[in-house]
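The values are calculated or read from the model by the stated rules, or taken from the named source; none is laboratory data. This is a predicted model, so every value here is computed, not measured. Cβ: placed from backbone, ideal geometry, glycine included. Neighbour counts: every protein chain shown. SASA here: full protein model, heavy atoms, side chains in, ligands and nucleic acids out. Shrake-Rupley method; radii C 1.70, N 1.55, O 1.52, S 1.80 Å.
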Amino acid sequence: EPIAAMLRPDRRIARMTQYLDLKDFAGWPKKRRGDLKRATGAGFAIRAATPNDLASLYDIYVENCLEVGIPQKPRAYFELTLALSIGAASKPWQPPLWLAIEHQGAVAGGLLAMRGAATASYAIPIARATLRPLQPIAGLIDAAVEKCRDGGIRYWNFESSPSADDPVFKYKERWGALRSDYELQILYPNGAERLSALTPDWLRQEYPFYFVCPYEDLKSQR
């Protein structure tokens, strides 16, 4: 509330995130251990991703986005985070963590986690759709959490989900993730009324890689 009083935001949006406290982490729930056993039996190999994996990782990412109909981050985002992941970072920050998972010698997926002083945020988990039943994402999450914990990270942030009823929320909950509520506070420099002149098509054209505001909240949509 003190921040809201100072900012005087035009919009306040309630959100939630899910997280693990790695300090008290005692192991994965039984079902997740079963998934990890399946991933191990499938013969996956997990390693640090490199810029040489860019084409494969981005191809899998686009495939996954098209499958569920979500906007795509630009290829340059992958290029930069992959480059940063192999560089040094001054403490208390750590470089992004990029892992790749291979199956029969080919890249089958990957996971990006952004690391700060105490928290790692689960950013991009991807896997070939045909291999998903073998649980490559489970293997990647396990490896990433272990690496982050070894590096002194306290919290693993699973990031937000649309709602508590959403399958994504349920998936993270099955990893033992706890819920924490937070709020987005948005101030429009040109005034909230400026939105009445904007359309979703214009926003998509001008800001193809950004969520400027929820499209359904635009006045021109009502």
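Numbers for the structure displayed
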read-out: Enumeration of residues in the stretch 37-64 that are aromatic (F, W, Y) and touching a Phe, Trp or Tyr at 6+ places or on another chain (Cβ under 9 Å); value: Y58, Y61
read-out: Members of the stretch 84-133 found to be touching a Phe, Trp or Tyr at 6+ places or on another chain (Cβ under 9 Å), surrounded by fewer than 17 Cβ atoms within 10 Å (Cβ to Cβ), in contact (Cβ under 8 Å) with a residue 24 or more places away in the chain and outside any loop (DSSP other than H, G, I, E, B), listed by number; value: T119
read-out: Matching residues in the stretch 56-69 - criterion: being closer than 14 Å to R132 by Cβ and open to solvent by 60 Å² or more (accessible area, probe 1.4 Å); value: E63, E67, V68
read-out: Extreme residue, surrounded by the most Cβ atoms within 10 Å (Cβ to Cβ), among residues of the stretch 1-55 that are over 20 Å from M114 (Cα atoms) and of a type in the set (D, E); value: D35
read-out: Condition broken by A192, with the remaining ones in (1) among the hydrophobic types (A, V, I, L, M, F, W, C); (2) in contact (Cβ under 8 Å) with a residue 60 or more places away in the chain; (3) more than 24 Å from R33 (Cβ to Cβ); (4) buried (at least 19 other Cβ atoms within 10 Å of the Cβ) satisfied; value: (4)
read-out: Candidates W202, W156, filtered to the one that is without any contact (Cβ under 8 Å) to a residue 24 or more places away in the chain, outside any loop (DSSP other than H, G, I, E, B) and either touching a strand residue (DSSP E or B) at 6+ places or on another chain (Cβ under 7 Å) or not small (G, A, S) (or both); value: W202
read-out: Meets criteria (modelled with pLDDT of 95 or more and touching a Phe, Trp or Tyr at 6+ places or on another chain (Cβ under 8 Å)) for A138; value: no
read-out: Residues of the stretch 146-184 satisfying the condition of being open to solvent by less than 30 Å² (accessible area, probe 1.4 Å) and over 14 Å from Q18 (Cα atoms); value: C148, I153
read-out: Hey, A14 under 24 Å from L178 (Cα atoms), in a strand (DSSP E or B) and either in contact with a strand residue (DSSP E or B) (Cβ under 8 Å, 6 or more places away or on another chain) or modelled with pLDDT under 95 (or both) or not; value: yes
read-out: Meets criteria (among the charged types (D, E, K, R), assigned to a loop (DSSP other than H, G, I, E, B), more than 24 Å from Y155 (Cα to Cα) and open to solvent by 30 Å² or more (accessible area, probe 1.4 Å)) for K73; value: yes
